[in-house]
1. Filter the range 129-176 down to residues that are over 14 Å from the mean Cα position of the chain (by Cα) and acidic (D, E) and give me whichever is least open to solvent (accessible area, probe 1.4 Å).
2. Considering the range 54-69 alone, what residues qualify as being more than 22 Å from L155 (Cβ to Cβ), in contact with a Pro (Cβ under 8 Å, 6 or more places away or on another chain) and open to solvent by less than 20 Å² (accessible area, probe 1.4 Å)?
3. Take A107 and decide whether it is among the hydrophobic types (A, V, I, L, M, F, W, C), closer than 23 Å to F23 by Cβ and modelled with pLDDT under 95.
4. Which of the numbered conditions does A20 fail, given that it passes all the others? Conditions: (1) modelled with pLDDT of 95 or more; (2) surrounded by 11 or more Cβ atoms within 10 Å (Cβ to Cβ); (3) at negative phi; (4) out of contact with any Ser or Thr (no Cβ under 9 Å at 6 or more places or on another chain).
5. Give the residues of the range 110-127 that are at negative phi and either of a type in the set (S, T, N, Q) or at pLDDT below 95 (or both), sorted by residue number.
6. If we keep just the residues of the range 77-92 that are open to solvent by 50 Å² or more (accessible area, probe 1.4 Å) and of a type outside the set (V, I, T), which is farthest from F119 (Cα to Cα)?
7. Is it true that A107 is touching a residue at least 12 places away in the same chain (Cβ under 8 Å), within 21 Å of A139 (Cα to Cα) and open to solvent by less than 10 Å² (accessible area, probe 1.4 Å)?
Amino acid sequence: MQRLILSSLSFLALAAASHAADFRLSSPTLQAGKPMPVLHEFNGFGCTGANVAPVLNWQGVPAGTRSLAVTVFDPDAPTGSGWWHWLVVNLPAGSRTLDAAALPEGALQTRTDYGSASFGGACPPAGAAPHRYQFTVWALDTDKLPVDANASGALIGYLLRQHALGKAELTATYQRPASR
């Protein structure tokens, strides 16, 4: 009986891992492990980029998804707690792309660590080693997160982990030149 239970659990774990591998995130301007273009650099805090959010596309959304969310996080920021660059929640479950210029009806951007509810591009300290920017799309088991535009990244992160059915991630890098 114990073997049967272990075999069943192993099968379920493999099935879940296989389905999770189908959930993928891509972008026309970002490549995993590669530097982001200056187009996505913040304009402020000493940075002079265009602060344009990348278009994101995903596929293989897990069954049962009732809404989606997108986050961009820099775990290398010299804050002790990373830096939230973009938080978009309450995307319709059928969404397969995110373009900041045309957010779907019902989508909500919340407060980033720049203090505004909008995309805030990369802006690591001048001369610092490249930072990683984790672009993540979250499949959620709820139609809507109970937040408003003032919700913090910490609160959004907590709620996403409570409701996640799966996630797909693309990590790009960025390094600001020591001088410009």
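The values are calculated or read from the model by the stated rules, or taken from the named source; none is laboratory data. These numbers come from a predicted model, not from an experiment. Please note: Cβ atoms are built from the backbone with ideal geometry, for glycine as well, and neighbour counts cover all protein chains shown. The area values use the complete protein model at the heavy-atom level, side chains included, leaving out ligands, DNA and RNA. Shrake-Rupley method; radii C 1.70, N 1.55, O 1.52, S 1.80 Å.
1. D141
2. P54
3. Here the answer is no, as A107 does not meet what is asked.
4. (1)
5. T110, T112, S116, S118, P125, A126 - these are the residues of the range 110-127 that are at negative phi and either of a type in the set (S, T, N, Q) or at pLDDT below 95 (or both).
6. Restricting to residues being open to solvent by 50 Å² or more (accessible area, probe 1.4 Å) and of a type outside the set (V, I, T), the top hit is G80.
7. When the stated conditions are applied, A107 does not pass them.
Residues are listed down the side, and each one gets a yes or a no for (1) surrounded by 19 or more Cβ atoms within 10 Å (Cβ to Cβ); (2) among the β-branched types (V, I, T):
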residue	(1), (2)
S26	no, no
A32	no, no
V38	no, yes
E41	yes, no
T71	yes, yes
